[in-house]
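S.K.: After the structure tokens below, expect a handful of questions from me.
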């Protein structure tokens with residue numbers, strides 16, 4: 001079914017073979033608005049338009065979302081449900097319902113029709129019905145699907161639909177973050193189970209839809225009251241018993257508003273079906289219908305990926321074992337959302353998303369100060385390609401870091417520690433050893449983890465550099481923002497703690513995002529090239545051992561080093577005087593040109609050969625050959641050894657003693 005269903009259908013009893021197994025119901029209207037405003041809030045987000053000037057941002061995001069769920073899930077029935085108009089039967093109950101909604105943006109309105117055309121091009125059923133909201137239609141189709149024995153996934157994060165959730169039967173999934181929403185997530189949000197959500201909403205109202213509720217009662221208080229009294233009617237019947245005067249008066253005075261609010265938020269799951277459930281059956285892609293639409297919308301990257309996938313899957317499956325397929329990695333040109341997390345509630349949300357995903361890519365941001373080891377300045381987390389956040393933990397409290405927030409490093413580290421040590425959540429990092437160093441100083445033992453730097457090294461060895469910048473450029477064809485571009489160089493060099501929130505977020509979150517994408521690609525290569533066992537049994541297990549050794553460091557006696565440096569300086573000065581006396585004048589012994597002129601022209605020693613620069617060769621092998629002929633070459637060799645010992649060890653080690661530990665730490 002390609003056209004939007006508007007006429008009521010009477011569904012015949014389905015044949016056993018046509019019964020749905022997993023029904024996906026997409027809240028089309030909710031997705032459109034959320035996708036649009038999520039990008040509108042990001043000033044750096046690219047504004048996509050065709051060469052004809054047609055805006056296509058939402059069309060692109062919607063099309064990619066459809067392709068993702070059609071490709072990656074076991075959905076055998078799927079539909080996109082839209083609001084038919086701005087009014088429904090709820091406006092007859094309460095004229096102010098949704099009266100506070102703002103006007104549709106000018107560049108969104110023309111995209112609505114293209115979104116519907118996208119659903120048609122992908123062969124996805126579209127449903128809407130006058131006088132009912134998309135939520136009611138979703139509730140009705142969900143009930144019918146469950147009654148046939150099917151599972152239901154509602155692609156939406158709308159809290160109004162959380163009343164439908166029932167583990168094992170009806171789940172929600174946030175299509176922007178791919179985060180599942182079950183009974184536990186509903187209880188966390190509302191403080192009650194799905195069956196009591198409308199009771200809580202009746203009390204706290206909904207400012208988004210202009211549902212009044214009871215003034216002065218929020219979600220937390222509402223949940224407390226419903227958990228105590230069971231439901232709205234029992235609570236209202238005992239409102240006079242409430243001990244808190246303001247709360248008691250609010251409930252008694254707003255009894256009618258509470259009952260009205262409950263009716264407004266309650267979804268109608270008995271709407272006449274515009275089309276039978278069987279019309280939602282997933283159909284194969286029709287290139288003759290899909291590709292012209294993608295061409296018109298100039299969605300070239302999506303079309304290219306689908307063409308490759310259809311070309312790969314078209315032949316019959318080969319018999320016997322096959323090589324692991326290198327997966328297709330989303331391009332960095334696709335929309336990305338990077339956030340700054342500066343509240344504990346926001347941090348909890350991202351921790352929960354990581355736990356639900358079972359993996360999270362990390363980029364610990366160190367802030368380097370001369371003479372000390374790196375400080376834990378912030379942490380970027382990525383849970384899916386294009387979706388990452390930066391948690392500021394040690395930025396300097398200046399006007400430069402404008403998002404301020406209420407997160408202290410101590411509180412945030414305490415909240416992050418269970419996630420970073422959670423055995424059921426894989427931590428993906430680039431340079432696991434460096435991350436382990438930094439986190440161990442704050443009492444965190446990173447585990448379990450995969451290191452994309454080590455993966456790259458196992459695969460490509462000494463052929464290339466393995467910094468995340470180099471690996472991302474080679475593997476993802478994406479150039480990460482260079483460190484020197486944001487931190488500067490030379491006299492203009494600043495530490496990471498001095499960055500603005502936008503710069504810190506973009507730099508760190510992009511690297512976490514890159515690590516997540518690289519992990520998918522490199523893991524597949526390890527399997528395909530039969531190097532995974534070597535990585536997992538030899539290279540990766542060495543990380544904690546080497547990290548612990550480097551973290552312990554080496555105790556250095558600063559006074560003894562100073563004595564050595566002074567001794568070397570004295571001996572170097574004595575040798576210089578002796579060499580100059582043997583030659584007859586002073587010269588720069590460290591200059592190969594001046595030394596060559598002295599040896600082969602002044603002293604007339606044999607075997608002098610000039611190189612391309614016009615200077616004589618004076619390396620150690622030449623000086624050793626000349627030593628039996630004259631005392632100066634042997635003394636120059638000794639002078640070189642002493643100057644090397646002084647500069648590289650006696651002086652340099654002193655400069656590298658950590659100010660906190662008093663030890664030298666390798667890296």
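S.K.: With 487, 446 as the choices, which residue is under 30 Å from residue 326 (Cα atoms), in the same structural domain as residue 384 (by TED's automatic domain parsing) and touching a residue at least 12 places away in the same chain (Cβ under 8 Å)?
M.R.: Only one candidate passes the filter, namely 446.
S.K.: Are any residues in the range 603-626 exposed (fewer than 15 other Cβ atoms within 10 Å of the Cβ) and under 23 Å from residue 572 (Cβ atoms), and if so, which ones?
M.R.: Listed by number, the residues that qualify are 619, 620, 621, 624.
S.K.: Would you confirm whether any residue within the range 124-133 is within 29 Å of the chain's Cα centre (by Cα) and either assigned to a helix (DSSP H, G or I) or in contact (Cβ under 8 Å) with a residue 60 or more places away in the chain (or both)?
M.R.: Among the residues of the range 124-133, not one is within 29 Å of the chain's Cα centre (by Cα) and either assigned to a helix (DSSP H, G or I) or in contact (Cβ under 8 Å) with a residue 60 or more places away in the chain (or both), which makes the answer no.
S.K.: Which pairs have Cβ atoms under 7 Å, sit 6 or more apart or on different chains, and link a residue in the range 623-647 that is not assigned by TED's automatic domain parsing to the domain that holds residue 574 to one that is at pLDDT below 95 and surrounded by fewer than 15 Cβ atoms within 10 Å (Cβ to Cβ)?
M.R.: none
S.K.: Within the range 192-217, track down each residue that is in contact (Cβ under 8 Å) with a residue 24 or more places away in the chain, in contact with a helix residue (DSSP H, G or I) (Cβ under 7 Å, 6 or more places away or on another chain) and assigned to a loop (DSSP other than H, G, I, E, B).
M.R.: 192, 205, 212, 213, 214, 215, 216, 217
S.K.: Residue by residue through the range 625-651, note down the ones that are out of contact with any helix residue (DSSP H, G or I) (no Cβ under 7 Å at 6 or more places or on another chain) and assigned to a helix (DSSP H, G or I).
M.R.: Those that are out of contact with any helix residue (DSSP H, G or I) (no Cβ under 7 Å at 6 or more places or on another chain) and assigned to a helix (DSSP H, G or I): 625, 634, 640, 641, 644, 647, 648, 649.
S.K.: Given the conditions (1) at pLDDT 90 or above; (2) part of a helix (DSSP H, G or I), which single one is not true for residue 478?
M.R.: Unmet condition: (2).
S.K.: Further question: Could you list, in sequence order, all residues of the range 164-197 that are crowded, with 24+ Cβ neighbours inside 10 Å and more than 28 Å from the chain's Cα centre (by Cα)?
M.R.: Those that are crowded, with 24+ Cβ neighbours inside 10 Å and more than 28 Å from the chain's Cα centre (by Cα): 164, 197.
S.K.: Quick check on this structure: which one of 252, 226 is surrounded by fewer than 18 Cβ atoms within 10 Å (Cβ to Cβ), modelled with pLDDT of 90 or more, touching a helix residue (DSSP H, G or I) at 6+ places or on another chain (Cβ under 7 Å) and over 30 Å from residue 381 (Cα atoms)?
M.R.: Of 252, 226, the one residue that is surrounded by fewer than 18 Cβ atoms within 10 Å (Cβ to Cβ), modelled with pLDDT of 90 or more, touching a helix residue (DSSP H, G or I) at 6+ places or on another chain (Cβ under 7 Å) and over 30 Å from residue 381 (Cα atoms) is 252.
Per-residue answers, yes or no, for (1) surrounded by 14 or more Cβ atoms within 10 Å (Cβ to Cβ); (2) modelled with pLDDT under 90; (3) not in a helix (DSSP H, G or I):
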| residue | (1), (2), (3) |
| --- | --- |
| 459 | yes, no, no |
| 494 | no, yes, yes |
| 513 | yes, no, no |
| 519 | yes, no, no |
| 527 | yes, yes, no |
| 533 | no, yes, no |
| 540 | yes, no, no |
| 545 | no, yes, no |
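S.K.: Using the structure shown, decide if residue 306 is within 25 Å of residue 176 (Cα to Cα), at pLDDT 65 or above, surrounded by 14 or more Cβ atoms within 10 Å (Cβ to Cβ) and under 21 Å from the mean Cα position of the chain (by Cα).
M.R.: no
S.K.: So which residues in the range 79-118 are surrounded by 12 or more Cβ atoms within 10 Å (Cβ to Cβ), assigned to a loop (DSSP other than H, G, I, E, B) and in contact with a helix residue (DSSP H, G or I) (Cβ under 9 Å, 6 or more places away or on another chain), if there are any at all?
M.R.: 82, 83, 84, 94, 97, 98, 104, 105, 107, 108
S.K.: To continue, here is another question. Limited to the range 480-492, what total is found for residues that are out of contact with any helix residue (DSSP H, G or I) (no Cβ under 6 Å at 6 or more places or on another chain) and surrounded by fewer than 17 Cβ atoms within 10 Å (Cβ to Cβ)?
M.R.: Number of matching residues: 9.
S.K.: In contact with a helix residue (DSSP H, G or I) (Cβ under 7 Å, 6 or more places away or on another chain), at pLDDT 90 or above and in a strand (DSSP E or B): is that true of residue 154 in this structure?
M.R.: Criteria met by residue 154.
S.K.: Of the residues 596, 614, 608, which single one is over 30 Å from residue 559 (Cβ atoms) and either assigned by TED's automatic domain parsing to the domain that holds residue 546 or in a helix (DSSP H, G or I) (or both)?
M.R.: After applying the criteria, what remains is 596.
S.K.: If residue 654 satisfies all but one of (1) out of contact with any helix residue (DSSP H, G or I) (no Cβ under 8 Å at 6 or more places or on another chain); (2) part of a helix (DSSP H, G or I); (3) within 27 Å of residue 441 (Cα to Cα), what's the number of the condition it fails?
M.R.: (1)
S.K.: Next question, about the same structure. Just a yes or no: is a residue in the range 553-567 more than 25 Å from residue 644 (Cα to Cα) and in a helix (DSSP H, G or I)?
M.R.: No, every residue in the range 553-567 fails to be more than 25 Å from residue 644 (Cα to Cα) and in a helix (DSSP H, G or I).
The values are calculated or read from the model by the stated rules, or taken from the named source; none is laboratory data. Everything quoted here is computed from the prediction, not taken from an experiment. Cβ sites come from the backbone with ideal geometry, for glycine too, and all protein chains shown count toward neighbours.
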